[in-house]
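A.B. asks: First the structure, then my questions, so here it is.
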Amino acid sequence: MSVLFPEATKAQGNISVTVVASIDDTSAPSLATDVNATSSVNVSCFLYDNGSVVNATTNKVTANARLCTTEQFQQFGNTTYEVSDLIYVYDPQASGSADENQAKDLLDEGSDVYIVERNGLDARTSAYAAAQLVNIYHVRLGKQNRTRQGDAEAAEFSITQSAILLEPPVYDVAIAT
Amino acid sequence: MALVRVRFENGLEGNLNEHVAKAAGLEVLDEPTTNGDGTWRPQTRRNSRRRKPKTSVSAEAAKKKSNDGGDQPASAEEAPE
């Protein structure tokens with residue numbers, strides 16, 4: 001039997017994130033009316049790298065012992081989803097409708113939005129297209145905290161915002177036409 | 001700028017920033033963005049009907065079939081001659 005050595009896919013520059021205001025069917029997001037809707041914003045160049053969007057943690061609990069047992073095994077318990085904070089650039093002096101503040105506007109507190117994440121294709125040059133695989137996270141957005149990203153001379157004005165997941169993530173779904 | 005209730009291109013209704021709604025040319029609805037208890041209103045279908053999870057007809061039929069114990073006739077009277 002031969003040993004496989006699969007090619008790894010480079011992540012840097014190849015993560016595209018688009019915030020979509022509404023998706024009718026997350027199992028088949030529409031390219032025209034969902035991903036490329038006029039209200040959608042590709043925030044790939046707004047976001048700072050803050051790791052993966054969602055972390056799922058499943059509790060491991062110890063099963064109850066029976067009178068006759070001398071070994072105890074674990075079981076899976078509840079799964080908790082935690083969304084990483086969204087950290088993105090904004091222009092403190094620009095008006096709300098300015099291009100520099102498109103992410104700040106769309107990610108307004110109280111909005112329910114869909115974060116569509118496409119991995120493995122160039123974020124700046126490769127447009128979304130039908131049949132591409134994406135991950136979808138339906139989140140509710142929290143407060144927009146005005147913060148700074150980076151230290152001292154590298155510091156930039158940014159917004160740090162919490163979000164909570166409203167339904168389980170949908171992974172590897174193909175974009176429909 | 002505040003949130004407004006809008007109808008999206010796919011027909012669903014939800015909360016969106018007013019700037020974004022204007023720029024996208026979406027229809028702004030004369031409806032509140034929050035519920036009576038102050039919580040944010042979720043996305044809904046037209047006329048405020050709650051979104052229902054999509055169900056697959058074939059999956060539901062398979063589930064019903066397994067619950068009913070298959071397509072076998074329940075009694076001898078129902079059996080085809």
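A.B. asks: Provide a whole-number value for the mean count of partner chain Cβ atoms within 10 Å of the Cβ atoms in peptide A:104-113.
C.D. replies: Counting other chains' Cβ atoms within 10 Å and averaging over A:104-113 gives 6.
A.B. asks: If you average 1/r across every pair of different Cα atoms in region A:80-177 and take the reciprocal, what Kirkwood value do you get, in Å?
C.D. replies: 15.2 Å
A.B. asks: So which trypsin sites (Lys or Arg not before Pro) in region A:45-105 end up in coil per DSSP with only 14 or fewer other C-beta atoms within 10 Å?
C.D. replies: Here the trypsin sites (Lys or Arg not before Pro) that fit, given the DSSP loop and packing criteria, are A:R66.
A.B. asks: Partner chain Cβ atoms within 10 Å, averaged over the residues of A:91-102 - can you pull that number for me?
C.D. replies: Per residue, the number of nearby Cβ atoms from other chains is 2 on average.
A.B. asks: Sticking with this one: Could you calculate the FRET efficiency of A:F157 with A:E7 from 1/(1 + (r/R0)^6), where r is the beta carbon distance between them and R0 is 41 Å, rounded to 0.05?
C.D. replies: FRET efficiency, A:F157 to A:E7: 0.60.
A.B. asks: Between A:C45 and B:D68, what is the FRET efficiency for a Förster distance of 51 Å, r being their Cβ-Cβ separation, to the nearest 0.05?
C.D. replies: E(calc), rounded to 0.05, equals 0.40.
A.B. asks: Oh, and also: Please compute the contact order of region A:1-63 in relative form: average sequence separation of alpha-carbon pairs under 8 Å and at least six residues apart, divided by the residue count, as a percent.
C.D. replies: Once normalised by length, the contact order is 30 percent.
A.B. asks: OK, next. Using a ≥ b ≥ c from the Cα gyration tensor of chain A (square roots of the eigenvalues), is it rounded, prolate or oblate, where a/c under 1.5 gives rounded and otherwise the larger of a/b and b/c decides, a/b for prolate?
C.D. replies: prolate
A.B. asks: Quick one: work out the % antiparallel among DSSP beta bridges in region A:1-105, nearest 5.
C.D. replies: 100 percent
A.B. asks: Go through region B:23-37 residue by residue and turn each phi into a ³J(HN,Hα) via Karplus (6.51, -1.76, 1.60, θ = phi - 60°); whole Hz please, and just put x for glycine and proline.
C.D. replies: For region B:23-37, the Karplus-derived couplings read 4, 8, x, 7, 6, 8, 9, 8, 9, x, 8, 10, 7, x, 8 Hz, x marking Gly and Pro.
A.B. asks: Also: Per-residue mean of other chain beta-carbon atoms within 10 angstrom of the beta-carbon, peptide B:35-45?
C.D. replies: The per-residue average across the peptide is 2.
A.B. asks: Related question: Summarise the accessible area of the protein assembly as shown (1.4 Å probe, protein heavy atoms) by the percent that is carbon and sulfur.
C.D. replies: 49 percent
A.B. asks: DSSP loop chymotrypsin sites (Phe, Trp or Tyr not before Pro) in region A:1-78 with at most 13 other Cβ atoms within 10 Å of their Cβ, which ones?
C.D. replies: Passing sites in region A:1-78 are A:F73.
A.B. asks: Would you calculate the convex hull of the Cα atoms in region A:90-139 and tell me its volume per residue in Å³?
C.D. replies: Dividing the Cα hull volume of region A:90-139 by its residues yields 110 Å³.
The values are calculated or read from the model by the stated rules, or taken from the named source; none is laboratory data. All of these numbers come straight from a predicted model, not from anything done at the bench. Cβ sites come from the backbone with ideal geometry, for glycine too, and all protein chains shown count toward neighbours. SASA here: full protein model, heavy atoms, side chains in, ligands and nucleic acids out. Shrake-Rupley method; radii C 1.70, N 1.55, O 1.52, S 1.80 Å.
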